[in-house]
């Protein structure tokens with residue numbers, strides 16, 4: 001074990017000699033004859049493990065030295081023991097007030113000094129070990145949390161891809177809609193009335209939950225989901241059930257008391273996923289599905305996803321249509337302002353339409369023109 005180092009600060013050479021003779025066999029020693037010199041010694045790397053500090057010194061006294069030691073984050077936790085002929089209770093109280101951990105009176109008693117030093121160094125070493133353990137534990141937890149988060153993200157994307165690969169859409173649709181909804185949320189929160197609803201944490205959760213917007217499609221029969229052409233009225237009614245199927249599947253996980261605690265991040269993530277999956281086909285004027293919600297009764301997450309999903313559907317090739325251009329998609333979406341879409345969300349979309357175009361280009365499908 002590395003030898004502990006002690007800084008002895010005293011303006012009297014005799015007092016320094018007494019302490020040096022007492023401690024030199026067990027500890028590494030540093031010596032300072034005044035306050036300024038003491039602070040210079042404290043600036044060394046590494047600093048001492050403990051300070052024996054005289055109170056009455058010319059110039060900067062011990063109280064001032066102790067204050068400066070405790071004011072420096074690098075040395076604040078180093079124990080300071082005052083050594084002084086001043087033994088009144090007020091003197092001791094003042095010493096404790098400036099941050100000293102103990103007080104011994106002169107002339108010093110060797111057994112007392114040795115016992116106090118051993119005690120406080122043991123405490124310091126125990127605190128350092130505990131702090132090191134806490135730092136190590138924190139790093140381990142952070143590492144495990146990151147690994148768990150990566151696993152969660154991959155699982156979410158895999159689940160979402162399962163729904164998408166049964167459809168006529170692609171995995172890149174998932175990525176694009178993630179970034180569309182993130183861009184929309186970031187732009188919308190520049191408006192004061194939306195800022196409280198769209199914190200960084202909420203936007204992250206929206207980004208992560210967006211891939212599950214069509215997860216209910218796993219429950220749609222292949223004959224309808226994979227039909228190479230437009231759906232009949234009956235088939236479309238069946239297709240529309242995917243929103244409620246997705247919401248119910250996610251609500252089942254949300255209601256699992258053994259899996260989730262109220263208010264934890266997984267719970268919040270699933271709440272956003274439920275809102276998006278269940279309500280992104282609702283329309284601002286109440287003509288959407290599955291519940292015919294209108295206006296702000298539609299969850300904000302779903303109002304954002306509605307624009308992201310429609311834009312991507314418009315610019316993407318389908319078996320029943322060629323892709324629209326970016327400008328054509330803008331024109332169609334703009335016509336839906338106030339009937340299909342939340343007007344504020346559309347205004348935000350129009351302000352960042354070029355960002356949507358960049359996202360579409362970055363995550364373009366292989367067959368895209």
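The table below gives the values:
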read-out: Restricting the stretch 297-321 to residues that are loosely packed, with under 14 Cβ neighbours inside 10 Å and free of Cβ contacts under 8 Å to residues at least 24 places away in the same chain, the residue that is nearest to residue 173 (Cα to Cα); value: 321
read-out: Criterion violated by residue 281 - all others in (1) modelled with pLDDT under 95; (2) in contact with a helix residue (DSSP H, G or I) (Cβ under 6 Å, 6 or more places away or on another chain); (3) in a loop (DSSP other than H, G, I, E, B) satisfied; value: (1)
read-out: Helices (runs of 4 or more DSSP H) completely within the stretch 169-231 that count 1 or more residues being crowded, with 22+ Cβ neighbours inside 10 Å; value: 171-188, 200-209
read-out: Test result for residue 108, within 21 Å of the chain's Cα centre (by Cα) and at pLDDT below 90; value: no
read-out: Filter result for the condition that a residue is in contact with a strand residue (DSSP E or B) (Cβ under 9 Å, 6 or more places away or on another chain), at pLDDT 95 or above and assigned to a helix (DSSP H, G or I), over 359, 333; value: 333
read-out: Some residue of the stretch 111-125 being loosely packed, with under 11 Cβ neighbours inside 10 Å, within 17 Å of the chain's Cα centre (by Cα) and either closer than 30 Å to residue 79 by Cβ or modelled with pLDDT of 75 or more (or both); value: no
read-out: Subset of the stretch 1-32 (residues that are outside any strand (DSSP E or B) and touching a strand residue (DSSP E or B) at 6+ places or on another chain (Cβ under 8 Å)); value: 3, 4, 10, 11, 12, 15, 16, 19, 20, 23, 27
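The rows are residues; the columns are (1) at pLDDT 95 or above; (2) assigned to a loop (DSSP other than H, G, I, E, B); (3) more than 20 Å from residue 92 (Cβ to Cβ); (4) outside the structural domain of residue 103 (by TED's automatic domain parsing).
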| position | (1), (2), (3), (4) |
| --- | --- |
| 37 | no, no, yes, no |
| 59 | no, yes, yes, no |
| 64 | no, no, no, no |
| 78 | no, yes, no, no |
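Conditions (1) free of Cβ contacts under 8 Å to residues at least 60 places away in the same chain; (2) within 15 Å of residue 349 (Cβ to Cβ), marked per residue:
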{"residue": "177", "(1), (2)": "no, yes"}
{"residue": "187", "(1), (2)": "no, yes"}
{"residue": "195", "(1), (2)": "yes, no"}
{"residue": "210", "(1), (2)": "no, no"}
{"residue": "214", "(1), (2)": "no, no"}
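The values are calculated or read from the model by the stated rules, or taken from the named source; none is laboratory data. These figures come from a predicted structure and were not determined experimentally. Virtual Cβ from ideal backbone geometry, glycine too; neighbours counted across all protein chains shown.
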